[in-house]
Amino acid sequence: MAQNEVFQYSIISALMDGVATHGTPISRVLDHGNHGLGTFKSMNGEMIVLDGVCYQMKSDGTVEHIHTPEEVITPFATVTRFQPQVSTRATISSKKGLKELLSKLFPQGKNHFLAIRMDGTFKRIEVRTAGGQCFPREGMVAVADRQTTNEFKGVKGTIIGFRCPAYVMGLNVAGDHLHFIDEEKQKGGHILAFETEGDVEVGVSLMSKFHLEVPTEDEEFNEASLVHDKDGIQKVEG
């Protein structure tokens, strides 16, 4: 794939319905991008793809480098070949502050995808990590009820994510969806809240091409209702 095009495997509504037993190898996802996020089989942990390397951030607080991506599957992932079109430095006080910055950098970007990367020191980051399904087809809301939350202070690291337009809610998460990993690759998760410690490096690209692949020969996916549950998605994705 060319730079700054979105590749996505499966849809967020499938995760909401508990479609997470099968998937595609991480290696296939990495063929399409070097920057992204997602989850793992049975929704066991949070995925971050940083500089073409995939990491699994687990609910016990550990981080695993996926050394054999051809042997590990994902039921949902979003990636791109990231090449920032705008690079700047900024102090950001909250997720709302990031939203305002992105709208300023791309005032015509409301109905497009944005890829986001921030590197620096963060005064505070609150993250959650999913511990996985207790049984096949357990829905994402139930899984999220058992999620682990952590707060990191004065930590160096990287935030990776996407802003998706409102019209893709149900296919993906509308709005800003962000994951964090620290500089030592020892902790991280799905971001609930954050604040930078002074300026951080911010890179952003606007994307207009969206490639979606849905599961085939997957009984869970074929039988899922895939109802558009906006409130449920917003609840679990924060």
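Check Val200, Val143, Val214 and return the single one that is more than 14 Å from the chain's Cα centre (by Cα), under 23 Å from Ala77 (Cβ atoms), buried (at least 19 other Cβ atoms within 10 Å of the Cβ) and not small (Gly, Ala, Ser).
Working: Val200 fails: under 23 Å from Ala77 (Cβ atoms); Val214 fails: buried (at least 19 other Cβ atoms within 10 Å of the Cβ).
When all the criteria are applied, what remains is Val143.
Every residue in region 1-44 that is aliphatic (A, V, I, L, M) and open to solvent by 10 Å² or more (accessible area, probe 1.4 Å), please.
To start, the set of residues in region 1-44 that are aliphatic (A, V, I, L, M) comprises 1-2, 6, 11-12, 14-16, 19-20, 26, 29-30, 37, 43.
Answer for region 1-44, where residues must be aliphatic (A, V, I, L, M) and open to solvent by 10 Å² or more (accessible area, probe 1.4 Å): Met1, Ala2, Ile11, Met16, Leu30.
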| Given region 135-203, what strands (runs of 3 or more DSSP E) lie entirely inside it while holding 3 or more residues that are over 25 Å from Asn4 (Cα atoms)? | 148-164, 188-196
| remark: Subset of region 217-235, residues open to solvent by less than 100 Å² (accessible area, probe 1.4 Å), over 17 Å from Lys41 (Cα atoms) and assigned to a helix (DSSP H, G or I), comes to Gly232, Ile233, Gln234
| note | Just one listed residue, out of Asp60, Asp119, is assigned to a loop (DSSP other than H, G, I, E, B) and either more than 15 Å from the chain's Cα centre (by Cα) or at negative phi (or both), and it is Asp60
| What single numbered condition from (1) without any contact (Cβ under 8 Å) to a residue 24 or more places away in the chain; (2) out of contact with any strand residue (DSSP E or B) (no Cβ under 8 Å at 6 or more places or on another chain); (3) β-branched (Val, Ile, Thr) fails to hold for Val141? | (1)
| request: Give me the pairs, please: first residue somewhere in region 16-27 and touching a residue at least 24 places away in the same chain (Cβ under 8 Å) and farther than 18 Å from Lys230 by Cβ, second residue anywhere and open to solvent by less than 30 Å² (accessible area, probe 1.4 Å) and of a type in the set (Val, Ile, Thr), beta-carbon distance under 7 Å, and either six or more positions apart or on two chains. | output: Gly23/Thr74; Thr24/Thr74; Ile26/Ile66; Ile26/Thr74
| field | Of all residues in region 45-71 being under 24 Å from Leu206 (Cα atoms) and in contact with a helix residue (DSSP H, G or I) (Cβ under 9 Å, 6 or more places away or on another chain), the one that is surrounded by the fewest Cβ atoms within 10 Å (Cβ to Cβ) | value | Gly52
| task | Spot the failing condition for Ser208; the list is (1) more than 16 Å from the chain's Cα centre (by Cα); (2) surrounded by 17 or more Cβ atoms within 10 Å (Cβ to Cβ), and only one is missed. | result | (2)
| message | Looking at Thr148, Thr158 in this structure, which one is within 20 Å of His35 (Cα to Cα) and among the polar types (S, T, N, Q)? | response | Thr158
| request: Look at Glu126 and say whether it is closer than 30 Å to Thr216 by Cβ, surrounded by 14 or more Cβ atoms within 10 Å (Cβ to Cβ) and modelled with pLDDT of 95 or more. | output: no
| In region 72-104, residue most open to solvent (accessible area, probe 1.4 Å) [restricted to those that are small (Gly, Ala, Ser) and assigned to a strand (DSSP E or B)] | Ser87
| request: Residues being among the hydrophobic types (A, V, I, L, M, F, W, C) and either at pLDDT below 95 or part of a helix (DSSP H, G or I) (or both): count how many of those fall in region 3-40. | output: 7
| note | When (1) modelled with pLDDT under 95; (2) closer than 25 Å to Glu213 by Cα are applied to Gln108, the one that fails is (2)
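The values are calculated or read from the model by the stated rules, or taken from the named source; none is laboratory data. The structure presented is a predicted model; accordingly, all values stated were derived computationally and were not measured. Neighbour counts run over all protein chains shown; Cβ positions are idealised from the backbone, glycine included. Note: areas computed on protein heavy atoms with side chains; ligands, DNA, RNA excluded. Shrake-Rupley method; radii C 1.70, N 1.55, O 1.52, S 1.80 Å.
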